[in-house]
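The values are calculated or read from the model by the stated rules, or taken from the named source; none is laboratory data. These numbers come from a predicted model, not from an experiment. We place every Cβ from the backbone using ideal geometry, glycine too, and count neighbours over all the protein chains shown. Calculation scope for accessible area: heavy atoms of the full protein, side chains included, ligands and nucleic acids excluded. Shrake-Rupley method; radii C 1.70, N 1.55, O 1.52, S 1.80 Å.
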Amino acid sequence: MADKKIIAIVGATGAQGGGLVRAILEDRQGPFAARALTRDVSSDKAKALAAQGVEVVAADVNDPASLERAFAGAYGAFCVTAFWEHFSAEQEIAQARAMAGAAKRAGVRHVIWSTLEDTRRWVPLSDDRMPTLGGKYKVPHFDGKGEADRVFTEAGVPTTFLLTSFYWDNLIHFGMGPKPSADGTLEFTLPMGDAKLPGIAAEDIGRCALGVFKRGGELIGKTVGIAGEHLSGAEMATTLTKALGRPVRHNAVPPEVYRGFGFPGADDLGNMFQFKRDFERDFRGARDPQVARSLNPALQTFAAWLERNAGRIPLE
Ligand SMILES: NC(=O)c1ccc[n+]([C@@H]2O[C@H](COP(=O)([O-])OP(=O)(O)OC[C@H]3O[C@@H](n4cnc5c(N)ncnc54)[C@H](OP(=O)(O)O)[C@@H]3O)[C@@H](O)[C@H]2O)c1
């Protein structure tokens, strides 16, 4: 243990960071040890990590000094922001700045920044195909992350930019699973027409991140896009039909209808799906399942993920 290189993991009690903690724990002979960062070391999730022998330390990404303490002595750091806790791209950028600054001061040798595209490079604010949100964003939870890429570069932090994909786990935790329609048939709503959506098991993001760290410096300064599989809404509905043993049909509402669904963030997600549909070539081109599999040979397909998780999808 003592000779292992420490990876400080933001979001260690969450989906992405938690996947990385588990990947490191499973890689017993590997070169790394996980250090889990959390705001609350006494939470059940934090205690469960400590019980598995993980070093758990208190840190808040809004508190640069706490980050610097938590990054001290670490070889690597996995940096992620939790947009859906505050819905603020500005806050994400400030948090990225805090993480980049702390990594630099602590002398971290390899940072992975979990990022997404700044969609304004494709859809400038003047493009009215989708509404501008918050006065300066098209897809706030993408744009803030993409804008923050340069924060790491400008801080002089050796960074790999990890472009993630839609978690299939959203069908369990984010209310995006199939729902009964008026005639009782399950409908899977995906406002992308025939375009294919790069998706991934959230757990596999952490496994891919471990693969990035294991490549040493090779991927520093590079953007690495990952996905388990690219599937259209109709293909996802067919795979769901098989896994659930009940017919599921694709409900291809247009993004403008999705934006009006009224739940918090519906406008952001409606714009996101439209971006993925309208710029399908670029968006999919940036996320190669072959690259992801080379980093993580256990990478799951949607069908494989459903085999383990279909029973957890709420269908009401
Ligand atoms: N859902 C998707 O399909 C998808 C796809 C791509 C990217 N993303 C992005 O993924 C991000 C969320 O990552 P996730 O799903 O891994 O998170 P998650 O499961 O929602 O968990 C949030 C994590 O962030 C930590 N956290 C939150 N605020 C913190 C703070 N102020 N200081 C320190 N830690 C803090 C939490 O730790 P404690 O509570 O223990 O402090 C927890 O571990 C979002 O920004 C989202 O845009 C999501």
Note, segment 43-54: 3J(HN,Hα) by Karplus (6.51, -1.76, 1.60, θ = phi - 60°), whole Hz, Gly/Pro = x, goes 5, 4, 5, 5, 5, 5, 5, 4, 5, 8, x, 7
Note on segment 239-316: alpha-carbon gyration tensor, axes a ≥ b ≥ c; rule is a/c under 1.5 for rounded, else prolate if a/b larger than b/c, else oblate; result oblate
Listed by chain and number, the residues whose amide H is under 5 Å from that of T159, excluding neighbours fewer than 5 places away on the same chain and using placed H, are V111, G221
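Counting only DSSP beta bridges with both residues in segment 113-272, what percent are antiparallel, rounded to the nearest 5? Present the calculation step by step, with values, prior to reporting the outcome.
Numbers: 7 of 19 bridges.
The antiparallel proportion sits near 35 percent.
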Tilt, helix 202-214 to longest principal axis of the chain (alpha-carbon atoms), in degrees rounded to tens, equals 40
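Rounded to the nearest 20 debye, what is the charge dipole size of the chain about its Cα centre when +1 sits on each Lys and Arg Cβ and -1 on each Asp and Glu Cβ? All intermediate terms of the calculation are to be shown ahead of the outcome.
Numbers: 38 positive and 38 negative charges, 164 e Å.
Computed charge dipole of the chain: roughly 780 debye.
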Once phi for every residue in segment 249-255 is put through the Karplus expression 6.51 cos²θ - 1.76 cosθ + 1.60 (θ = phi - 60°), the whole-Hz ³J(HN,Hα) values, with Gly and Pro written as x, are 10, 7, 9, 8, 4, x, x
With +1 on the Cβ of every Lys and Arg and -1 on the Cβ of every Asp and Glu, the dipole magnitude of segment 1-124 about its Cα centre, in debye rounded to the nearest 20, is 360
Of all DSSP beta bridges having both residues in segment 62-188, the percent classed as antiparallel (nearest 5) is 25
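Students often get this wrong, so check it: of K136/K179; K45/K214; K5/K138; K5/K104; K145/K196, which have C-alpha atoms separated by over 29 Å? Intermediate results must be reported in sequence, preceding the final value.
Working: K136/K179 34 Å; K45/K214 26 Å; K5/K138 39 Å; K5/K104 17 Å; K145/K196 23 Å.
With Cα atoms farther than 29 Å apart: K136/K179; K5/K138.
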Mean separation of Cα contacts under 8 Å (at least 6 apart) over the residue count of the chain, i.e. the relative contact order in percent, is 17
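Quickly estimate the mean residue ellipticity at 222 nm for the chain, helices only: each DSSP H run with n ≥ 4 gives -39500 (n - 2.57), and the total goes over all residues, rounded to 500. Spell out each step's value before the answer.
Values: 14 runs with 133 residues, N = 316.
Calculated at 222 nm, the ellipticity per residue is -12000 deg cm²/dmol.
If I stretch the segment between D282 and T223 completely, what's the gain in nm (0.36 nm per residue apart, minus their alpha carbon distance), one decimal?
Details: separation 59, 0.36 × 59 = 21.24 nm, distance 1.38 nm.
Between D282 and T223, full extension yields an extra 19.9 nm.
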Taking placed amide H atoms and a strict 5 Å upper bound, the residues 5 or more places from V56 or on another chain that come that close are A36
The ³J(HN,Hα) series, computed from each phi in segment 165-175 with the Karplus coefficients 6.51, -1.76 and 1.60 at θ = phi - 60°, rounded to the nearest Hz and given as x for glycine or proline, is 10, 3, 6, 5, 4, 4, 5, 8, 9, 10, x
Among T238, G53, L269, the residue whose Cα sits farthest towards the positive end of the charge dipole of the chain, when +1 is placed on the Cβ of each Lys and Arg and -1 on the Cβ of each Asp and Glu, is G53
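Can you compute the charge dipole magnitude of segment 182-273 about its Cα centre, using +1 on each Lys and Arg Cβ and -1 on each Asp and Glu Cβ, nothing else charged? Give it in debye, rounded to the nearest 20. Kindly include the intermediate steps, with their values, before the conclusion.
Details: 9 positive and 11 negative charges, 76 e Å.
Computed about the Cα centre, the dipole is about 360 debye.
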With label points set 7 Å from each Cα along the Cα-to-Cβ direction at W84 and D27, the distance between them in nm comes to 2.6
In segment 206-272 the accessible area split gives carbon plus sulfur, as whole percent at 1.4 Å, a share of 54
